[in-house]
Structure formats: structure tokens, C-alpha cells
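This report concerns only the one structure given below.
The values are calculated or read from the model by the stated rules, or taken from the named source; none is laboratory data. Not measured: the values here are computed from a predicted model. Cβ placement follows ideal geometry from the backbone for every residue including glycine, while neighbour counts extend to all protein chains displayed. Surface areas here come from the heavy atoms of the whole protein model, side chains and all, with no ligands, DNA or RNA. Shrake-Rupley method; radii C 1.70, N 1.55, O 1.52, S 1.80 Å.
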Amino acid sequence: VYTMLLLPDLTSNLINNGVIKGNINYIYHTGVWMALYSFISVLAGVANVYTSAIASQKLGMLLRRDIYNKVMSFSNKEFDQIGTSSLITRTTNDVVQIQNVAMMFLRMMLMSPIMLVAASIMAYSKSPQLTKIFLVSIPVLVIVTQQTVNIPDMVYSRLAELGIRQISIRQVGYDILNIDAIHKAGLRASNVAAYSPRAIAEYTLTQLLNLIRDNKRYYQATESGNWLWSAAPQG
């Protein structure tokens, strides 16, 4: 954060004290420092990505281990109540979502508040008058963001006006839908009751066969109008 905030300050000094005044030595000197800070910023970014990726993957590993141990303690009745497809989703997709949130939190959500505070302080130190823009822009941004969050309610109402009566999604979960807004608009919502374990196995086998037979090359050839046998994957 420090190096990222320091570079604009060095750039302004480079223009004011170097370019405008024609001070070549100052330009060279400041340019070297800018290159050094840029290199440090790149190293810090790589380290941040690496550590956040390692931490999120370890979190996923621990979650999968705990879920596996918990599932192994289930009785047959509990297995039937939850369902195999739901358990597969919990240990795969849901854990991946938690991993992604953890990685984004470590990469950006920790850095953003620090950058906001530090940038505000630096902006005020440079120009107290221009800093007043923050006092106006930040509340406006909050209001606009809040209005954007409420857009789905308007979308559901508009769909009802167009004659739409039902919304169906191709997944087990329904967290992407605003159920209260759907009911208020007089719509119905439906989702997939459960994932089929056989369908998952068939899909995996199909993708393996596509990879082994290199069907992508055949598809690309036919898309370009080449129907010759030599263009098809052999074997």
C-alpha cells in the first residue's frame, strides 16, 4: 500500500520539479526511485497472492477434512435425509466458494480500508480543498451502490408486468434469488431438486473421453468448414 500510494506523489514531484524546470538529474534520480518502488510493489503483490492462495487452500483442506469426518459419522437415515448429491455439493462447490472468499479477503478486503485511510490522509496533506471532494463523492457512491442492490426487486416486478409467471434456475441452491421480492411480484421460483450422482459421473467420463480423443480439434476444424478426414482426431 505504501509503495502504491508513494508513486503518484513521486510522479507529481517529477513533473513539477523535473520536467517543468528542466532538471535532468532530478528526473533520473526520481525515476530510479520510482523503478525501485515499483519493483518492491510487484514483489509485495506476488507475496500477497502466494500467501493468500496458500492460506485459502489450507482452509479448504481443513474444511473438507472436517466435512468428511462428519459425514462418515452419519447414519443411513441421515444419508437419506441429506442426499448424496447435496453432500457432493457441500464438499466441492461450497468449499471452493469459501476458499475464494477467503483469498479475496486476504488479497483485497484487508488492503482496501488501509489504502482508503492512507490515501485520504495523503490527499488532505497535498490539498485540503480538493479533499472535500471525498466528503461528497463517498456518500453519493454509497447511495448509488445501495440503489444498485435494490435493482433485482424492480427486475422481478418488470418480469411480472411482461407476463412472466415463473423463474427456474439450473442449480440446487437458490441464494441468487430474492425470494421475498419474487413472492411480492406474484412470481413462482423453482430450482433443481438434487444433483444426480450418476449424471456427475457421466459428465466426468464424457469430459475425459473428449480430452483423450482430442475432440476440440475436430470441432474447430468443422467450425472453419474443414470436413476432411485428415482434420479429425485419429485413434
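Here are some notes:
- Relative compactness, segment 31-125, computed as alpha-carbon Rg over 2.2 N^0.38 Å: 1.68
- Inter-probe distance in nm under a simple model that places probes 7 Å from Cα toward Cβ, at Val144 and Lys77: 5.7
- Shape of segment 73-187, Cα gyration tensor, a/c cut at 1.5: oblate
- Span-like helix check, the chain: qualifying full DSSP H segments, with Cα axial length of 30 Å or more and mean Kyte-Doolittle of 0.0 or more, are 24-72.
- Accessible surface comparison of Phe79, Phe74, probe 1.4 Å, protein chains only, largest first: the order is Phe79, Phe74.
- Computed helical MRE - 222 nm, the chain, DSSP H runs ≥ 4 contributing -39500 (n - 2.57), nearest 500: -22500 deg cm²/dmol
- Rounded if a/c under 1.5, otherwise prolate or oblate - the chain, Cα gyration tensor axes: prolate
- Taken along the Cα-to-beta-carbon direction at a fixed 7 Å, the label points for His183 and Asn23 span 6.9 nm.
- Separation in nanometres of the label points that stand 7 Å from Cα toward Cβ, at Gln171 and Thr92: 1.4
- In range of the label at Ser41: residues from segment 111-146 whose backbone nitrogen is under 14 Å from the point 7 Å along Cα→Cβ: 115, 119
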